[in-house]
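Let me begin by presenting the structure, written as C-alpha cells, before commenting on it.
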Amino acid sequence: MGKRLKLYLLIPSIIVLGFIRDYLFENINWVYLTHTNQRRNQARPEFHFLLDWTPDQILNLKWFGTVLFYLLFLGLTLLIIHLAFKNRTFNFITLGMFASLFGISGLLYIAGWVSGYGNQLYGAIHTIMMIAQSFVPLMILAILFNFLPSSQSD
C-alpha cells in the first residue's frame, strides 16, 4: 500500500476516532451526572447498564478511557507524521508535544490535589487532555512541519 493511500485512510481515521471518543464520553458523563447530581439520565440506551455502576466505578472507566484515547491519538498522530514526513526529529517533536500535554495536565492535577483546588483546576486539566485526545496536535504539527526544513532521516 502506498504512502498516499495510507495517509488517505489514517487521516479520516483519526477524525472518526474523535467522534467515537466524544460519543462515549458524553454518554458516560450523563450517567455519572445522573448518579452524582440526580440529573435526569439522557444517555443513550446502550449506556444504561452503567446505571448499575457506582460513581467510583464510572470514574475509573473515565480514567481508563482517557489513557486509552490519549495513547490511540498519540499513536495515530505519530504514525501519520512519520508517514508524511519521514523525519526522526519530527517524530521526537510529536512525542514531546504529547508528553508535554500529559505532563502539564498531570502537574496541574497534582497541584490541585495537594492544594485542595482540584475542582478549580479541573477545567484547565480537562481542556488540555481534550486537546491531547483530538486531531488538533496533528493539525498543528503538520502545518508546522510543512514550513520547517526537512531532511530524510529514516
The stretch 37-66: number of residues that are more than 26 Å from Phe102 (Cβ to Cβ) and of a type in the set (Val, Ile, Thr): 1
Odd one out for Arg21, checked against (1) loosely packed, with under 14 Cβ neighbours inside 10 Å; (2) within 21 Å of the chain's Cα centre (by Cα): (1)
Test: Leu74 is in contact (Cβ under 8 Å) with a residue 12 or more places away in the chain, buried (at least 16 other Cβ atoms within 10 Å of the Cβ) and of a type in the set (A, V, I, L, M): yes
Which listed residue, of Leu50, Leu72, is of a type outside the set (S, T, N, Q), closer than 30 Å to Trp30 by Cβ, under 14 Å from the mean Cα position of the chain (by Cα) and at pLDDT 95 or above: Leu72
Cβ pairs under 6 Å, 6+ apart, first in the stretch 1-14 and over 17 Å from Phe135 (Cα atoms), second surrounded by 11 or more Cβ atoms within 10 Å (Cβ to Cβ) and modelled with pLDDT of 95 or more: Lys3/Leu83
Selection count where residues are modelled with pLDDT of 95 or more and farther than 30 Å from Ser13 by Cα, scope the stretch 118-142: 2
Ala43, sole failed condition from (1) under 17 Å from Leu141 (Cα atoms); (2) of a type in the set (Gly, Ala, Ser); (3) not in a helix (DSSP H, G or I): (1)
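The values are calculated or read from the model by the stated rules, or taken from the named source; none is laboratory data. No experiment lies behind these values; they were computed from the predicted model shown. Don't worry about glycine lacking a Cβ; one is built from the backbone with ideal geometry, like all the others, and counts go over all protein chains shown.
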